[in-house]
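Undergrad: Here you go, one structure.
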Amino acid sequence: MIPSAEALIEGWAFLARRYGLSGAVDARAVGRVVALARACAAGAEADEPAALFFALSREPEAFAGGWRRATEVFPSAHAHALGWTLDATPLEVANQRLAVYAGRAGFEDTRAWFAARLRPSSR
């Protein structure tokens, strides 16, 4: 299940401390992230990491000062919780994030991108 807005905000507090990030959390934007991710995944657990990445990439103000890190860590951690590892370089992730943000990649593109890069993890 896609994490709640509250869980993401709590996770952000940890990330901000760990990586020395600053910037306000926009709770309304985080709520939009969760709503969009849930709509995109439509209950398909396998699509949740891609849906979370897609939604976060479209809402940079959700985690101001840490948008990049949020799009890297939250979807990867969620994938890992589901038994997957994202096999992508930081540059590949950045390119996909920017493609989504710029409107060049929709959710179907992002789903396919993730499907090609998710590998079973050894939890």
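The values are calculated or read from the model by the stated rules, or taken from the named source; none is laboratory data. Predicted, not measured: the structure shown is a model, and the values here were computed from it. FYI the Cβ positions are ideal-geometry reconstructions off the backbone, even for glycines, and counts take in every protein chain you see. With ligands, DNA and RNA removed, areas are computed over all heavy atoms of the protein, side chains included. Shrake-Rupley method; radii C 1.70, N 1.55, O 1.52, S 1.80 Å.
Undergrad: Apply 1/(1 + (r/R0)^6) to the Cβ-Cβ distance of R18 and A99, taking R0 = 25 Å, and write down the FRET efficiency to the nearest 0.05.
TA: Efficiency for this residue pair is about 0.40.
Undergrad: May I pose another question? Would you mind checking which residues have amide H under 5 Å from W84's amide H? H placed 1.01 Å from N; only 5 or more apart, or other chain.
TA: S121
Undergrad: While we're looking at this one, here's another question. What 222 nm value per residue comes from the helices of the chain, counting each DSSP H run with n ≥ 4 as -39,500 (n - 2.57) and dividing by all residues, nearest 500 deg cm²/dmol?
TA: -20000 deg cm²/dmol
Undergrad: With viscosity set to 1.002 mPa s at 20 °C, what whole-number translational diffusion coefficient in µm²/s follows for the chain from Stokes-Einstein and a Kirkwood radius over Cα pairs?
TA: Approximately 152 µm²/s, per Stokes-Einstein.
Undergrad: From the phi angles alone, apply the Karplus equation (6.51, -1.76, 1.60; θ = phi - 60°) to the range 25-41 and give each ³J(HN,Hα) in whole Hz, x where the residue is Gly or Pro.
TA: For the range 25-41, the Karplus curve yields 8, 9, 4, 5, 5, 5, x, 5, 4, 5, 4, 5, 4, 5, 5, 5, 6 Hz.
Undergrad: For the chain, what is the relative contact order in percent, using Cα pairs closer than 8 Å and at least 6 residues apart in sequence?
TA: 25 percent
Undergrad: Give me the mean projected area, in nm² to one decimal, of the convex hull enclosing the Cα positions of the range 75-123.
TA: Taking a quarter of the hull surface, the average projection is 3.3 nm².
Undergrad: For the range 20-123, what does the accessible surface come to per residue with a 1.4 Å probe? Please give it in Å².
TA: Computed with neighbouring chains in place, this is 50 Å² per residue.
Undergrad: Taking Cα centroids, how far is the range 1-47 from the range 56-96 in Å?
TA: 10 Å
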